[in-house]
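The values are calculated or read from the model by the stated rules, or taken from the named source; none is laboratory data. No experiment lies behind these values; they were computed from the predicted model shown. For neighbour counting, all protein chains shown are included, and Cβ atoms are generated from backbone atoms with ideal geometry for every residue, glycine included.
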Amino acid sequence: MSMNSILEKLKRPSAASLGSLLIGGFVAGVIFWGGFNTAMEATNQESFCISCHEMEENVYREYQDTIHYANRSGVRATCPDCHVPKPWVHKMIRKIQASNELLHKALGSIDTPEKFEAKRLKLAQNVWKTMKATDSRECRNCHDYDSMDFVAQQRRAVTRHTEGFEEGKTCIDCHKGIAHSLPAMYQVDPSAVTGSAGK
């Protein structure tokens with residue numbers, strides 16, 4: 001078959017070849033989309049998050065001593081619940097940003113407890129900045145202001161929540177250290193941090 005005859009067939013494809021192309025494209029799209037979503041869900045599991053020893057030996061151990069890990073109601077917030085947005089577009093943006101974490105994994109930037117502690121403040125500030133910019137979106141997946149029962153809250157919590165919302169604050173403004181230890185070099189007013197790490 002000459003090149004001219006191939007070009008002619010491409011210019012005027014038959015109905016059968018167009019149908020095959022459409023069906024093949026549809027099947028390939030379904031397989032790609034299924035594989036893509038499977039990969040996204042696999043990377044959204046806590047087991048994936050702590051598969052790096054940097055996370056397992058540092059922040060995961062701290063998290064196990066907090067109310068987000070074990071509490072009287074048995075509801076657990078996992079790593080993705082707090083660090084990966086649920087809306088698809090925001091989730092994809094976060095996954096792309098996470099590629100930077102893979103780079104630092106390869107570089108060994110935080111591969112020892114000492115290196116991790118040296119960068120803890122910067123790492124924490126990055127998370128706090130993101131949470132502030134999204135109005136603590138991931139916190140609000142579980143904690144809804146309109147659903148808060150102020151009668152059941154301690155008097156101090158009611159006062160702080162009321163003041164905070166009136167001042168336009170968001171969850172992370174006061175609840176730093178809720179699931180992970182605060183950086184040693186971070187200066188904070190203890191009265192401003194409610195619900196700090198611990199049960």
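Considering SER99, SER17, which residue is modelled with pLDDT under 90, small (Gly, Ala, Ser) and either touching a strand residue (DSSP E or B) at 6+ places or on another chain (Cβ under 9 Å) or surrounded by 10 or more Cβ atoms within 10 Å (Cβ to Cβ) (or both)?
Values: SER99 fails: either touching a strand residue (DSSP E or B) at 6+ places or on another chain (Cβ under 9 Å) or surrounded by 10 or more Cβ atoms within 10 Å (Cβ to Cβ) (or both).
On inspection, the qualifying residue turns out to be SER17.
Condition check ((1) under 23 Å from the mean Cα position of the chain (by Cα); (2) at negative phi) across all residues:
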position: PRO87; (1), (2): yes, yes
position: THR130; (1), (2): yes, yes
position: HIS143; (1), (2): yes, yes
position: HIS161; (1), (2): no, yes
position: GLY168; (1), (2): no, no
position: HIS175; (1), (2): yes, yes
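Write out, first by first residue and then by second, each pair whose Cβ atoms fall under 6 Å of each other, whose residues are 6+ apart or on separate chains, and whose first residue, in segment 126-141, is assigned by TED's automatic domain parsing to the domain that holds HIS175 and among the acidic types (Asp, Glu) while the second is assigned to a loop (DSSP other than H, G, I, E, B) and surrounded by 13 or more Cβ atoms within 10 Å (Cβ to Cβ).
Taking only residues 6 or more apart or on different chains, the pairs are ASP135/THR170.
Going through segment 102-112 one residue at a time, which ones are modelled with pLDDT of 90 or more and aliphatic (A, V, I, L, M)?
The answer is LEU107, ILE110.
Give the number of residues within segment 112-157 that are in contact with a Lys or Arg (Cβ under 8 Å, 6 or more places away or on another chain) and not in a helix (DSSP H, G or I).
Summing the residues that are in contact with a Lys or Arg (Cβ under 8 Å, 6 or more places away or on another chain) and not in a helix (DSSP H, G or I) in segment 112-157 gives 1.
For segment 12-32, state whether one or more residues are over 37 Å from the mean Cα position of the chain (by Cα) and charged (D, E, K, R).
yes
Scan segment 143-180 residue by residue and report those that are surrounded by 10 or more Cβ atoms within 10 Å (Cβ to Cβ), at pLDDT below 90 and small (Gly, Ala, Ser).
Correct list: GLY177 only.
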